[in-house]
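The values are calculated or read from the model by the stated rules, or taken from the named source; none is laboratory data. These numbers come from a predicted model, not from an experiment. Glycine also receives a Cβ, built like all others from the backbone with ideal geometry; neighbour counts cover every protein chain displayed.
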Amino acid sequence: MIKIKKFVFSPFNVNTFVVWDEINKEAAIIDPGCSNEKEEKELSDFISENELSVKYLLNTHCHIDHVLGDRFVKEKFNPIFIVPEKDLPLLYNLGNQGLMFEMKIKESPEPELTFEDAKEITLGGIQITPIFTPGHTPGEYCLYIKEFNILFSGDVLFKESIGRSDFWGGDQKVLIGSIKQKLFNLPDETVVYTGHTEETTIGYEKHHNPFIN
């Protein structure tokens with residue numbers, strides 16, 4: 001059985017997710033946004049209290065708010081670190097991203113894999129399928145768990161909204177194409193865990209998202 005815990009971290013109010021197999025306790029941390037010691041402790045304490053083994057660190061994309069906690073997670077738990085290949089320029093320029101927000105950011109750890117090279121992402125019996133959904137960034141991936149009708153959409157799709165496309169590498173036409181051609185082909189009952197704000201469903205967005213309709 002799958003379990004999910006959401007944390008809201010940093011001044012960016014980014015949703016960080018811990019996803020795990022309830023039977024064998026293997027876990028993935030998706031988009032760690034923890035930006036200070038208090039938030040790092042909150043995440044670490046949760047992992048410890050639930051006796052989880054962090055197998056993966058997954059970045060849906062590499063904007064600063066979604067990768068702030070990468071170094072902490074990598075050094076604390078040493079998971080397999082996977083990112084989108086086309087977002088590597090963003091990851092390798094994390095310091096410059098920080099300057100835009102007057103933040104001093106340490107360099108990112110080096111990822112082991114990109115989603116393009118990852119042959120299989122599994123937590124016990126749970127299969128995580130990356131879906132290439134560019135537009136917000138050149139390389140963004142959503143993460144789909146078909147068995148449980150769950151999607152982690154990063155900053156691609158929000159409740160009644162979509163991701164911004166006015167950052168480096170963004171393209172609104174490409175973004176809307178990713179949503180219509182990739183995400184809207186998923187079952188309507190698919191629960192969408194977004195990178196910011198509240199959850200939604202694919203079916204709801206098909207009928208109520210003003211940016212798509």
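Residues considered: 203, 170, 177. Of these, the only one that is modelled with pLDDT under 95 and out of contact with any helix residue (DSSP H, G or I) (no Cβ under 9 Å at 6 or more places or on another chain) is 170. Within segment 110-119, one or more residues are among the small types (Gly, Ala, Ser), more than 15 Å from the chain's Cα centre (by Cα) and surrounded by fewer than 20 Cβ atoms within 10 Å (Cβ to Cβ). Within segment 18-31, the residues that satisfy the criterion of being surrounded by fewer than 20 Cβ atoms within 10 Å (Cβ to Cβ) and either among the polar types (S, T, N, Q) or in contact with an Asp or Glu (Cβ under 9 Å, 6 or more places away or on another chain) (or both) are 24, 25. Contact annotation: residue pairs with Cβ atoms under 7 Å, 6 or more positions apart or on different chains, pairing a residue in segment 58-84 that is among the basic types (Lys, Arg) with a partner that is modelled with pLDDT of 95 or more and outside any strand (DSSP E or B), are 76/44.
Scanning segment 198-213 for residues that are assigned to a loop (DSSP other than H, G, I, E, B) and either under 18 Å from residue 165 (Cβ atoms) or of a type in the set (A, V, I, L, M) (or both) returns 209, 210, 211, 212, 213.
Taken over segment 166-187, residues that are in a loop (DSSP other than H, G, I, E, B) and either among the aromatic types (Phe, Trp, Tyr) or within 16 Å of residue 145 (Cβ to Cβ) (or both) amount to 5.
Conditions tested, residue by residue: (1) farther than 22 Å from residue 136 by Cα; (2) at pLDDT below 90; (3) touching a strand residue (DSSP E or B) at 6+ places or on another chain (Cβ under 7 Å).
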| position | (1), (2), (3) |
| --- | --- |
| 54 | yes, no, yes |
| 80 | yes, no, yes |
| 87 | no, no, no |
| 90 | no, no, no |
| 100 | no, yes, no |
| 116 | no, no, no |
| 124 | yes, no, yes |
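Taking the condition of a type outside the set (Ser, Thr, Tyr) and under 11 Å from residue 194 (Cα atoms), does residue 157 pass? The answer is yes for residue 157. Residue 131 satisfies every condition listed in (1) part of a strand (DSSP E or B); (2) free of Cβ contacts under 8 Å to residues at least 40 places away in the same chain except (2).
Conditions tested, residue by residue: (1) more than 16 Å from residue 14 (Cα to Cα); (2) surrounded by 14 or more Cβ atoms within 10 Å (Cβ to Cβ); (3) touching a residue at least 12 places away in the same chain (Cβ under 8 Å).
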residue: 159; (1), (2), (3): no, yes, yes
residue: 169; (1), (2), (3): yes, yes, yes
residue: 177; (1), (2), (3): yes, yes, yes
residue: 188; (1), (2), (3): yes, no, yes
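Residue 105 meets the conditions (1) out of contact with any Lys or Arg (no Cβ under 7 Å at 6 or more places or on another chain); (2) among the β-branched types (Val, Ile, Thr); (3) crowded, with 20+ Cβ neighbours inside 10 Å in every case but one. The failed one is (3). Any residue in segment 63-73 that is within 19 Å of residue 25 (Cβ to Cβ), surrounded by fewer than 23 Cβ atoms within 10 Å (Cβ to Cβ) and of a type in the set (Lys, Arg)? So far as segment 63-73 goes, no, none of its residues is within 19 Å of residue 25 (Cβ to Cβ), surrounded by fewer than 23 Cβ atoms within 10 Å (Cβ to Cβ) and of a type in the set (Lys, Arg). Against the conditions (1) within 16 Å of the chain's Cα centre (by Cα); (2) modelled with pLDDT under 95, where does residue 155 fall short? Just the number, please. Exception for residue 155: condition (2).
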